1. Out of the residues in the range 43-81 that are in contact with an Asp or Glu (Cβ under 9 Å, 6 or more places away or on another chain) and of a type in the set (Ser, Thr, Tyr), state the one that is surrounded by the fewest Cβ atoms within 10 Å (Cβ to Cβ).
2. Could you grab the pairs with beta carbons closer than 9 Å, sequence gap of 6+ or different chains, first residue in the range 64-85 and under 22 Å from ALA12 (Cα atoms), second one part of a helix (DSSP H, G or I) and of a type in the set (Gly, Ala, Ser)?
3. Would you point out the residue of the range 50-81, among those that are in contact with a Leu (Cβ under 9 Å, 6 or more places away or on another chain) and over 26 Å from MET1 (Cα atoms), that is modelled with the highest pLDDT?
4. Being assigned to a loop (DSSP other than H, G, I, E, B), at negative phi, touching a Leu at 6+ places or on another chain (Cβ under 8 Å) and at pLDDT 90 or above: is that true of LEU28 here?
5. Can you tell me which of (1) part of a helix (DSSP H, G or I); (2) more than 15 Å from GLU75 (Cα to Cα); (3) modelled with pLDDT of 95 or more is the one LEU17 doesn't meet?
6. May I ask you to list the residues in the range 39-63 that are more than 17 Å from ILE8 (Cβ to Cβ) and hydroxyl-bearing (Ser, Thr, Tyr)?
Amino acid sequence: MNITDQVIAIIAEQAVLEPEDVTLDSSLESLGIDSLGLVESIFAIEEAFDITVPFNANNPSESDFDISSVGRIIEGIKRLKAEQA
């Protein structure tokens with residue numbers, strides 16, 4: 001399973017949706033994921049990819065991680081994985 005599919009699976013699980021209902025353009029809000037669901041998604045992503053996501057739940061706008069859409073989250077994870085390699 002590639003990074004994109006894994007992230008979509010994690011986000012779909014948090015949103016209680018099927019993976020095919022999650023698109024790269026989807027925002028977490030549009031999928032019904034609230035701030036708690038977001039934090040849980042970030043934790044699940046960190047665990048799945050063995051990375052640390054630079055995300056401050058208390059101040060999301062100041063985080064160095066774009067969570068504006070599923071596609072942006074995937075781009076951020078790919079960047080973190082590349083930096084880790």
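1. Checking each candidate, the answer is THR52.
2. PHE65/GLY76; ASP66/GLY76; ILE67/SER41; ILE67/GLY76; ILE73/SER41
3. As a first pass, look at the range 50-81 and keep what is in contact with a Leu (Cβ under 9 Å, 6 or more places away or on another chain): 51-55, 57, 60, 65, 67-74.
Of the ones still in play, those that are also over 26 Å from MET1 (Cα atoms) are 57, 60.
Numbers: ALA57: 73, PRO60: 68.
Applying the filter and picking the extreme gives ALA57.
4. yes
5. For LEU17, the exception is condition (1).
6. Within the range 39-63, THR52, SER61, SER63 meet the criteria.
The values are calculated or read from the model by the stated rules, or taken from the named source; none is laboratory data. Just so you know, these numbers come straight off a predicted model, no measurement behind them. When we count neighbours, we look across all protein chains shown, and the Cβ atoms used for this are built from the backbone with ideal geometry, even at glycine.
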